[in-house]
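The values are calculated or read from the model by the stated rules, or taken from the named source; none is laboratory data. In this text, all values refer to a predicted model and were calculated from it rather than measured experimentally. As a convention, Cβ positions derive from the backbone with ideal geometry for all residues, glycine included, and neighbour counts pool all protein chains shown. Accessible surface is based on the protein model in full, side chains and every heavy atom, while ligands, DNA and RNA are left aside. Shrake-Rupley method; radii C 1.70, N 1.55, O 1.52, S 1.80 Å.
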Amino acid sequence: MRTLTTLSLRELPSLWLTTAVALGSAVLLMLCGPAQAATALVVQDAVALRAAAKDSAPVQAQLWRGEALEIRGERLDHFQVYDYRRERGGFVRKSQLLPLDGAAAEPAALLAALRLVRQQPGAESLGLGLAAAYVQAASVEQMNGGGGAEALEAMGQSAERLADRASRTQPRPDGGSTAAEAQLAAQLEVAARYGVRFRTLARDAGAMQLCYEGDAFRRLLGMPAASGEQKARAALALTRSDCVDPALTPPQREQFDQWRADVLDKVDLPPLPTHWRNRVLMRQASVWSSLAYQQARRAGASMGASRGTGAASNTVAGTGANSAMGTVSGSASGNGASDSGAVAARKALEQFARIVSVDLAEDDQAAFNEAAMRGNAMRWLAMGGVGLSDQTLGSLRLSLQPGQPGETCLTLTAVGGREALLRHCAWGLVMGASARINREGNAVAIASVPADGWRELWVLRKSAQGWRFSVLPPVAAQPGLGYAEFAGWLPGGQELLVAREARAEGRYRRSFEVVQLDGLETKRQAGDASMLGAFQRWQAADWKGATLSLR
Amino acid sequence: MNERTHSRLNALRHAAARIRALLSPSPAATEAAGAALRGAGRGAVRALPWLLGLTAVAGAVALLVMHPPVHEVPRGDVSLRSNQLTGGVTEARSGSLLVIPGLHSVRDLPLRDRSYHPTRFARADGEAPLQSLEGLSLGLDLTVRWGVDTSRLTQLATNLPDDVENDLIAPALQGLIYRQIATHTVREVFSTQRGAIQQTLETELRRKLAADGIVLRSVEIGNVDLPAEYRQGLEQLLAEGLASEKMRYTLELEEKKVKQTELTAAADKVRRETAAEAAAREQIIAARGQEEAMKHVLPFKQRQVEQRQLEAEADRVSRIRMAEGSAQARTIEADGEAKAREKLADAEAYRQTRIGKVAVDQMAAEGALLSRHPLLIQKAMADKLSDKVQVIIAPPPSDGGFIGKTLLGTGAPAAGNATPAATATQQEQE
């Protein structure tokens, strides 16, 4: 023990010296380390990370465009790099890397490179890498200025394009993967490393869709330095209809639609170029129409729930009370939600009316059609058409009363008669104000909206066996988006005019048809109303004045 | 009174003496002056009784003004006038009392309550600290509130000592408090028995002082001055007690918080359930709407399918009929073709026969020609070799020599031989 103590005492100066040298070295490394370490971005796909500085050396990993590496040295035509994600070092050819040091690491240079790359298809992950490098290199003032807004927009657009590419890729039937799919998967992984998150949505027929979560666009919307056009693009990207999760419950969907409407309302429209203003207006029309449906549906559900199952007795009493009122005595008995639904539907129509159709780009035609279909589906709501009503149509009285919660029951009786000629209950929003009877008094047409953006035409037809109920859908396909709209009666009581437009099962179709009342078969049809003589002669004036199908 | 009168008369005498001394220096003048003075002296002597009377009256008046024989009753006190001769006592609570010196004596007694604040045992390290049951010194800050028994004022006017607090209350209090405190521990004095001690002191002191005509209103115990070490320990103990008390309240508070949380959670649960119920209902309604829309589409889809089936059937029938027609047409075409071919074959056979006959005739003619001109065989062979070969027909030399000799011109050409060669060349050129 004494010996050990003596030795320790003797070696104390050398120990201190060693400690001092070690500490000095550590400080030196800390000071010199960051200065020597430079970052590089991989500029090509499937770049080999080799074990040695020669092409014959074994490949340790495959690097993809946009990945960030740390340069630790160079040898011949290779950089010695270290990949922190894979925790592996190696050599990469210099021609396959973009070193971010010196002038290349300046924010202006990075922004210039980003401007070049952001438009190139397939280089989205590299764009994300450059945008991330810009965010790291830029000062606070630059980040809050126009450059920061441009970088964020580029980041968002790159992520969005990457997601769209991934959504378009169809899996092979044999389950194998192509080189393009491998590249896409790797680039998605690179994007995830930069904090870009995607949502996966299950579409119909088992297709998967990837949607960018939108963080960069959200930040862009909050930046004072962002231009109006940038904010419009960000708002449009955040409110894409195809990125709405189909699995959302109605309350969640209403909340999400309200959020989308708020985001779009933040866009300052007047300074925008016409085509960008059109795009925002079209999106607003779609979103407000959808919101109108959700709110009207909620009002109907709560109304039905509050009335409960005893609605039948109320129906009888209500009908009796209203029968003395003569002609149209219906009144919207909805609560605040249905009022807000009417307001939303009116706003949708207003926004649609502000669209300058002559300045519509070819790419916007699909969005324009969608806005028109959604707006037209809910246009009777804007006119106060939804809700319970009791109205007289010629010699008939049509009353709408609640059934089970969310259900609306239509009853057709003769004026002065007690027995119902026809009674039908349905789960759609029945637009009472849209009811029209023909001159012969043997048919009634009324609009119903059973699903968001899907408006069908109910036809009540008097036959030898009594009144019959039949429904004309927008198209004979899986319900998607569309409307079948009453456009007028043809004399004789055998035919009616119908405007139909739908996008379902991947097909879009718009037609103006002469439909036979018996069986609702189409007798004649045309893509333009002016090409059908019957439309020119017998179309209803109120339909022509209010419909969006003649846009 | 008499002393004052005498002193004033002496002063007058001294003044007259000084005037005489002033007037005495000159004999003549003195004489004259003496006569005047004598006259004056005589006048003065004659006026002296009047002067004295006047002075006495003035002195008496001044004396009465300066010391009026009245006693003003102080505010809040009662004045008791005792007649020294009769021993009667007159009580006055306000205004003034005539007090004739030598005849009356006045005593003021307080009507208001007074506070006595003893200081001797106020501090543990003070003059005469109290002793507790444990023998520890402690100080007690006492306040005794007392008053005079107004029903016994007449008696008290004579019996009550001048300094009531020190002569009456302080001894009584000391006699009580030392004994009382000595029966209690410091802890009891400090905290638990404070009220009881105060009550006991108050009761006993009230009884004791009542005999002397003092009404005890209250005894208040203020600060208890403990020994420093004991104070620390006790404070710690009390702090712990307070902490435990506080803990009890804290626990009660926590229990109430738990109950509140439970109630909030229950309300939240009900709210969530209601919201979930509403959401589920809306979802069901939406699903039913979708289902209904699909149900409305299905007949049309069915009709569409049937129509497509019918169209397909019609297409099939039409295709079959077309195929049948096509097959029949092909058969007819084949028949026609066969007949056509037969006819063509007959025509060909006829043509061959005719050609054969023509060829036989031509061969016969050629045979005849060859028989006449055998060299034509070689020419024909040479023509077949190539079109580049020029053929010259020359007759064989008559002498049996080289055939080209005639062409080379080695000998004189015979006129007869030259003619066929020229003919052959001409034919070749043609």
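Summary of values
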read-out	value
2 or more residues at pLDDT 65 or above and open to solvent by 70 Å² or more (accessible area, probe 1.4 Å): qualifying helices (runs of 4 or more DSSP H) within the stretch A:298-392	A:336-353
Of residues in the stretch A:401-425 being surrounded by fewer than 23 Cβ atoms within 10 Å (Cβ to Cβ) and among the aliphatic types (A, V, I, L, M), the one nearest to the other protein chains (Cβ to nearest Cβ)	A:422
Subset of the stretch A:47-69 [touching a helix residue (DSSP H, G or I) at 6+ places or on another chain (Cβ under 9 Å), open to solvent by less than 20 Å² (accessible area, probe 1.4 Å) and assigned to a loop (DSSP other than H, G, I, E, B)]	A:66, A:67
Residues of the stretch A:165-196 that turn out to be open to solvent by 40 Å² or more (accessible area, probe 1.4 Å), farther than 23 Å from residue A:85 by Cα and within 24 Å of the chain's Cα centre (by Cα), as a count	5
Yes/no for residue A:433 being more than 14 Å from every other protein chain (Cβ to nearest Cβ) and within 21 Å of residue A:373 (Cα to Cα)	yes
Scope the stretch B:180-190; condition open to solvent by 50 Å² or more (accessible area, probe 1.4 Å) and within 13 Å of residue B:140 (Cβ to Cβ); matching residues	B:188
Unique residue being surrounded by fewer than 23 Cβ atoms within 10 Å (Cβ to Cβ) and within 30 Å of residue A:244 (Cα to Cα) when the list is A:534, A:526, A:433, A:504	A:504
Every pair of residues 6+ apart whose Cβ atoms lie under 6 Å, when the first sits in the stretch A:114-140 and is of a type in the set (Asp, Glu) while the second is crowded, with 18+ Cβ neighbours inside 10 Å	A:124/A:158; A:124/A:161; A:124/A:162
Residue B:261 being among the hydroxyl-bearing types (Ser, Thr, Tyr), open to solvent by 80 Å² or more (accessible area, probe 1.4 Å) and farther than 30 Å from residue A:296 by Cα	yes
Candidate set from the stretch A:460-491 (those that are under 21 Å from the mean Cα position of the chain (by Cα) and within 18 Å of residue A:522 (Cβ to Cβ)); member that is nearest to the other protein chains (Cβ to nearest Cβ)	A:482
Restricting the stretch A:70-97 to residues that are over 13 Å from residue A:55 (Cβ atoms) and not in a strand (DSSP E or B), the residue that is nearest to the chain's Cα centre (by Cα)	A:85
Test: residue in the stretch A:480-489 that is open to solvent by less than 20 Å² (accessible area, probe 1.4 Å) and in contact with a Ser or Thr (Cβ under 7 Å, 6 or more places away or on another chain)	yes
Hey, residue A:457 surrounded by 24 or more Cβ atoms within 10 Å (Cβ to Cβ), at pLDDT 90 or above, within 14 Å of chain B (Cβ to nearest Cβ) and over 25 Å from residue A:514 (Cα atoms) or not	no
Residues of the stretch A:497-518 that turn out to be more than 34 Å from the chain's Cα centre (by Cα) and touching a residue at least 24 places away in the same chain (Cβ under 8 Å), as a count	4
